[in-house]
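Trainee: One structure, as C-alpha cells, below. Some questions next.
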Amino acid sequence: MTLEAKNIGRKYIRQNKSFDALNNVNLRISGGEFVCIFGESGSGKTTLLNCLSGISRPESGTVFINDSDIFSLREGRRTKLRNSEIGYVMQNGGLLGNFTVSENIVFPQTINGFSVNEERLYEILSRLGLGDVADSCPEQLSGGEYRRAELARAVYAAPEIIIADEPTGNLDEDNAEIVRNFLDEQYRSGKCVIVATHDSAFVRNRYRFYRMKQGMLTAEG
C-alpha cells in the first residue's frame, strides 16, 4: 500500500487576503513507514491530512493510493475508499453522543452494511484499555478515554493507512504513551502511519520527520 501526494496546493482567504495553506506539497509513504509532521498551528498540517484522506480536494496536484488518483473517483466511491483503506483520527472527530463506545467504534462499518466483528472489537477495546467503558456513552468518558475511543473507531476496519491529527494533544503522559505505543504497533505491523503533532516524544523513534511551515513541507533529519 502506498499513499502519495503530488504537487498539491490549496489557498484560503483570511481577512480578505489569500494565503497558501498548502504550497506544492509532495509526500510518498508506503506500508511499514511512520511519518511525523511537526509545525505550528495554522501551518497547514490539518489541511494536508484532509487532502491525503480524500476529505478535501486540493486546488492543484492530486493524491494517489496505489497509483490510483483518488480525486478521479466519484464522491461515493471515495467515501467507501476512506471507510475501507483509510483510518482517520481527526483533531475534533467527535463521537456520536447517543451511541456507546462500542457502537461508535463499529458504526462506520455497520452503516455500510458490514456485520460486527466481535473478536476484532474485543481486541481493540482490550488493547486500548477501553474494556471497562465499552458500554458507556461519550459524555461519561475521560479525555484520554475519549481520544482512545476515536483511535479505536479509526482502526477497527483494519485500514492499511492510518492518519492521525494531534492524536496525543491535551492528553496526560500515561494516555499519550498508550496512543503512541498503539500507533507504533500499527506501523510495525506494516501499516502506513501519518501523524501531525506537536508531541516531541515521537522523536524517540526512528520515524520519518517533516516540518510544515506556511504551507510548505520539508524533510528533517
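Trainee: For residue 6, give me every one of the aspartates and glutamates with a C-alpha distance below 13 angstrom, ignoring sequence neighbours fewer than eight places off in its own chain.
Mentor: Residue 6 reaches 59, 67, 69.
Trainee: If we sort 78-87, 49-58, 134-143 on the protection proxy, mean other Cβ atoms within 10 Å, highest first, what's the order?
Mentor: Details: 78-87: 18.6, 49-58: 20.9, 134-143: 14.0.
Ranked from most to least packed, the peptides come out as 49-58, 78-87, 134-143.
Trainee: Could I ask something else about it? Report the extension gain between residue 72 and residue 126 in nm, rounded to one decimal, defined as 0.36 nm multiplied by the number of residues separating them, less their alpha carbon distance.
Mentor: Full extension from residue 72 to residue 126 adds 15.6 nm.
Trainee: With every protein chain kept in place and ligands, DNA and RNA left out, what is the accessible area per residue of the chain? Probe 1.4 Å, answer in Å².
Mentor: On the way: 11100 Å² over 221 residues.
Roughly 50 Å² per residue, with all protein chains present.
Trainee: With a length cut of 30 Å (Cα positions projected on each helix's long axis) and a Kyte-Doolittle mean of at least -0.5, go through the chain and give me the DSSP H helices that pass. Could the numbers behind the result be given before it?
Mentor: Numbers: long enough: none.
What comes out of the filter, once short or polar helices are dropped, is none.
Trainee: Still on this structure, I have one more. Where does the chain land on the Kirkwood hydrodynamic radius, alpha-carbon pairs, in angstrom?
Mentor: Values: mean 1/r = 0.0561 Å⁻¹.
Every distinct Cα pair counted, the radius reaches 17.8 Å.
Trainee: Quick one: the Cα spread of the stretch 133-221 along its three principal axes, in angstroms, biggest first?
Mentor: So the extents along the principal axes, rounded to whole Å, are 43, 26, 24.
Trainee: As a test of the formula, what do you get for the chain when each DSSP H run with n ≥ 4 contributes -39,500 (n - 2.57) and the sum is divided by the residue count, at 222 nm and rounded to the nearest 500 deg cm²/dmol? Before the final figure, lay out the partial values.
Mentor: Details: 6 runs with 68 residues, N = 221.
When only DSSP H runs of four or more count, the value is -9500 deg cm²/dmol.
Trainee: Starting from 0 in steps of 10 Å, tell me what percent of the Cα-Cα pairs of the stretch 32-132 lands in each bin.
Mentor: With 10 Å bins starting at 0, P(r) equals 12, 36, 35, 17, 1.
Trainee: I've got another one for you. Considering only protein heavy atoms and a probe of 1.4 Å, how much of the accessible area of the chain is carbon and sulfur, as a whole percent? Don't skip to the answer; put the middle values down first.
Mentor: Working: 4920 of 11100 Å².
Carbon and sulfur atoms account for 44 percent of the accessible area of the chain.
The values are calculated or read from the model by the stated rules, or taken from the named source; none is laboratory data. Everything numeric in this text was worked out from a predicted model, so none of it was measured. Counting neighbours? That spans all protein chains shown, and the Cβs are built from the backbone with ideal geometry, glycine included. Calculation scope for accessible area: heavy atoms of the full protein, side chains included, ligands and nucleic acids excluded. Shrake-Rupley method; radii C 1.70, N 1.55, O 1.52, S 1.80 Å.
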